[in-house]
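Okay, so here's the structure we're looking at.
The values are calculated or read from the model by the stated rules, or taken from the named source; none is laboratory data. None of these values were measured; they are calculated from a predicted model. Positions of Cβ are backbone-derived with ideal geometry, glycine not excepted, and every protein chain shown enters the neighbour counts.
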There are 2 protein chains.
Amino acid sequence: MSEKKKAIVLLSGGIDSSTCCAFARRDHFEILAMSFSYGQRHSVELDSARKVASFFRAEEHRIVEIDLRAFGGSSLTAPVDVPKGRSIDGEIPNTYVPARNTIFLSYALGWAEVSGCRDIYTGVNSVDYSGYPDCRPEFIHSFQCMANLATKAAVEGNYLTIHTPLISLTKAQIIRKGIEMGVDYSLTHSCYDPSPLGEACGSCDSCLIRKIGFQEAGVKDPTNYMSKAAAE
Amino acid sequence: MSEKKKAIVLLSGGIDSSTCCAFARRDHFEILAMSFSYGQRHSVELDSARKVASFFRAEEHRIVEIDLRAFGGSSLTAPVDVPKGRSIDGEIPNTYVPARNTIFLSYALGWAEVSGCRDIYTGVNSVDYSGYPDCRPEFIHSFQCMANLATKAAVEGNYLTIHTPLISLTKAQIIRKGIEMGVDYSLTHSCYDPSPLGEACGSCDSCLIRKIGFQEAGVKDPTNYMSKAAAE
């Protein structure tokens with residue numbers, strides 16, 4: 001039996017990256033899951049990442065410690081309020097983390113080279129993407145071009161492909177597709193500002209996008225929201 | 001008096017990055033120096049980086065902790081012997097660190113965005129470059145293109161320039177140029193495999209390139225090499 005091809009999957013533990021794992025499995029890859037601990041306020045998402053990696057029987061799951069607080073500049077890592085209840089418009093919110101996807105993909109590039117992978121999966125999405133510039137297809141394309149000049153592997157002709165199976169799907173389409181492929185969304189976490197117990201706030205951008213996604217998909221959201229709990 | 005423009009300078013503490021600082025000063029930039037502590041065996045170079053940043057009166061010097069050992073694969077970070085006394089040929093040596101410059105530049109990109117810089121200086125060099133793919137002009141150009149799609153700053157029209165003043169200079173030309181601009185090379189460190197006291201081994205790739213550079217420049221190398229000390 002020949003060894004299965006491996007792919008690095010960037011796994012935050014949210015809906016998108018978890019669905020992305022399912023796509024990598026569908027494409028017959030063994031999963032090398034990579035998550036980041038970067039001083040985020042919502043580190044409970046790393047627990048979700050662990051559960052999802054285990055659910056998909058990832059061959060390995062690495063959690064890389066990086067210190068994005070070294071340059072601050074985002075409410076996800078610095079002491080600034082997370083915006084609540086705002087409309088999801090075209091403006092880039094303060095939850096944007098400078099260079100985040102660039103840094104995450106750069107680490108994935110390093111691990112890909114060392115482990116002999118030619119494939120990286122990322123759940124970036126340019127539809128419901130809260131206006132982050134580093135989730136656009138032109139950014140991903142450009143990163144791939146750069147990556148294929150950056151490494152010894154590429155010099156030797158082993159080119160890298162960055163897969164973005166979710167990039168043009170709405171959240172509802174992602175959820176429907178994920179359920180088709182057997183994703184257990186009760187393992188996932190979306191909230192930017194959870195309670196100390198890990199409950200979702202229900203009103204940050206990420207919770208709003210999740211709620212609308214499940215509604216539009218016509219699927220029950222398994223999340224236990226704080227506001228919902230308080231109302232009951 | 002208007003505030004001086006600032007530039008991020010990637011500063012390892014070696015000849016190239018130190019000379020790069022001098023170029024940034026010549027170009028009338030205030031320096032924001034950025035170094036990396038990445039489990040390198042030659043962390044004595046960080047002491048040199050501190051001295052050089054101070055010599056050039058950097059407005060700030062940040063040393064970012066990153067864990068490249070997360071993927072190993074290089075003799076600079078993993079327990080593999082550093083090659084000694086080999087000829088400097090076209091082959092990529094095992095001191096190559098996967099995705100290193102990509103990761104370093106990605107962090108610089110993040111700091112640039114937060115601090116409002118539009119300029120990054122890096123001392124990469126494609127002449128005496130030991131065969132690292134991420135030191136080639138086409139890599140740098142490609143990184144710049146990617147960076148200008150990655151950030152909120154770029155979306156708003158504040159494009160980033162990556163300056164590589166050393167890219168086509170020989171080591172001898174770099175040293176001559178640096179001395180013209182007042183660089184104190186006694187502060188710099190090159191060796192990949194120094195003694196516990198920080199003395200240079202004199203025989204790794206980096207020492208060999210340094211020695212030849214000073215010879216060809218017709219300038220005395222201020223380095224105290226172990227082998228030299230042992231021979232005396």
(message) Based on this model, can you work out whether residue A:142 counts as among the polar types (S, T, N, Q), in contact with a helix residue (DSSP H, G or I) (Cβ under 7 Å, 6 or more places away or on another chain) and either within 29 Å of residue A:107 (Cβ to Cβ) or not in a helix (DSSP H, G or I) (or both)?
(response) yes
(message) Looking at A:151, A:170 in this structure, which one is surrounded by fewer than 21 Cβ atoms within 10 Å (Cβ to Cβ), touching a Gly at 6+ places or on another chain (Cβ under 9 Å) and at pLDDT below 95?
(response) A:170
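Residue-by-condition table, conditions (1) in contact with a helix residue (DSSP H, G or I) (Cβ under 8 Å, 6 or more places away or on another chain); (2) surrounded by fewer than 20 Cβ atoms within 10 Å (Cβ to Cβ); (3) part of a strand (DSSP E or B); (4) at pLDDT 60 or above:
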{"position": "B:36", "(1), (2), (3), (4)": "yes, no, yes, yes"}
{"position": "B:63", "(1), (2), (3), (4)": "yes, yes, yes, yes"}
{"position": "B:74", "(1), (2), (3), (4)": "yes, no, no, no"}
{"position": "B:77", "(1), (2), (3), (4)": "yes, no, no, no"}
{"position": "B:94", "(1), (2), (3), (4)": "no, yes, no, no"}
{"position": "B:98", "(1), (2), (3), (4)": "yes, no, no, yes"}
{"position": "B:102", "(1), (2), (3), (4)": "yes, no, no, yes"}
(message) So, in the stretch B:114-125, how many residues would count as being farther than 28 Å from residue A:115 by Cα, of a type outside the set (Val, Ile, Thr) and crowded, with 24+ Cβ neighbours inside 10 Å?
(response) 2
(message) Just the residues that are more than 7 Å from chain A (Cβ to nearest Cβ) and surrounded by 18 or more Cβ atoms within 10 Å (Cβ to Cβ), please, taken from the stretch B:137-146.
(response) B:140, B:144
(request) For the stretch B:186-201, state whether one or more residues are surrounded by 20 or more Cβ atoms within 10 Å (Cβ to Cβ), touching a Ser or Thr at 6+ places or on another chain (Cβ under 9 Å) and assigned to a helix (DSSP H, G or I). (result) no
(message) Taking the conditions exactly as written (within 17 Å of residue B:14 (Cα to Cα) and facing chain A (nearest Cβ under 10 Å)), does residue B:121 satisfy them or not?
(response) no
(request) Name every residue in the stretch A:1-30 that is among the charged types (D, E, K, R) and surrounded by fewer than 23 Cβ atoms within 10 Å (Cβ to Cβ), in order of residue number. (result) A:3, A:4, A:5, A:6, A:25, A:26, A:27, A:30
(request) Would you check if residue B:158 is outside any helix (DSSP H, G or I), under 30 Å from residue A:146 (Cα atoms) and within 14 Å of chain A (Cβ to nearest Cβ)? (result) yes
